[in-house]
Amino acid sequence: MSGEHLISDDETRQFAEGFLEASPWLGDAEWENIVTGPNAAYLAGFDGAFAADAELAEGHRWSWRVSFSDPTGTKRSLSHETVLKGLSHIVYGDHTGSEGFRYMRIRQWFTEPTEARRSIQLSSPDHSAICQWALYGKTVFPTGETEKIFGKKLDLFEDQRSSGSQAPDGLNA
């Protein structure tokens, strides 16, 4: 990947923000500014936080990290680097069938020139998919995209249901 095609911290932060918006069951989100680069941990204080006036050496830069709890209570975090890993899994991974179809928009976004890419907005389900790949190495919960692409799920008994009732698993929702 050439230098002029780099994905910025702002772009990956938008992915994390979209993921958190689409995932209201994730709790205790805490955003923080961090320093990245070789031996950047040495710039952190005893509490692990970076001073706002920290002098950055060559190769260091400011970035972001968000920490949150998943539904099991496990503490998770996303950063620029982890979101890039999730994006790489989607762009370069072998996704077949409907999964590959679902990721076509993300793949096209990735191949756009930098200026065009920054003017194109991915959807919250796209952000969620990227972050889920970063955290779990797969998509673990639906992002609302399936119904939009393929229509509602087939319910062979829809004509027998009263207008106010739903299938037990929400098929005709």
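The values are calculated or read from the model by the stated rules, or taken from the named source; none is laboratory data. Because the structure is predicted, anything quoted here is derived from the model rather than measured. Methodologically, a virtual Cβ is constructed for each residue, glycine included, from the backbone with ideal geometry; neighbour enumeration extends over all protein chains shown.
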Looking only at residues that are charged (D, E, K, R) and touching a Gly at 6+ places or on another chain (Cβ under 9 Å) in region 49-75, which one is surrounded by the fewest Cβ atoms within 10 Å (Cβ to Cβ)? Glu58
In region 54-80, what residues are within 16 Å of Tyr42 (Cα to Cα) and not in a loop (DSSP other than H, G, I, E, B)? Arg61, Trp62, Ser63
If we scan region 109-130, do we find a residue that is within 11 Å of the chain's Cα centre (by Cα), modelled with pLDDT of 95 or more and either of a type in the set (Lys, Arg) or not in a helix (DSSP H, G or I) (or both)? no
Using beta carbons and a limit of 9 Å, which pairs, at least six apart or on different chains, have the first residue in region 132-150 and under 19 Å from Ser88 (Cα atoms) and in a helix (DSSP H, G or I) and the second one modelled with pLDDT of 85 or more and among the basic types (Lys, Arg)? Gln132/Lys138; Trp133/Lys85; Ala134/Lys85; Leu135/Arg76
Of the conditions (1) in contact with a helix residue (DSSP H, G or I) (Cβ under 9 Å, 6 or more places away or on another chain); (2) farther than 26 Å from Arg61 by Cβ; (3) of a type outside the set (A, V, I, L, M, F, W, C), the single one that Arg117 does not satisfy is (2)
Can you tell me which residues in region 86-97 are surrounded by 11 or more Cβ atoms within 10 Å (Cβ to Cβ) and part of a helix (DSSP H, G or I)? Gly86, Leu87, Ser88, His89, Ile90, Val91
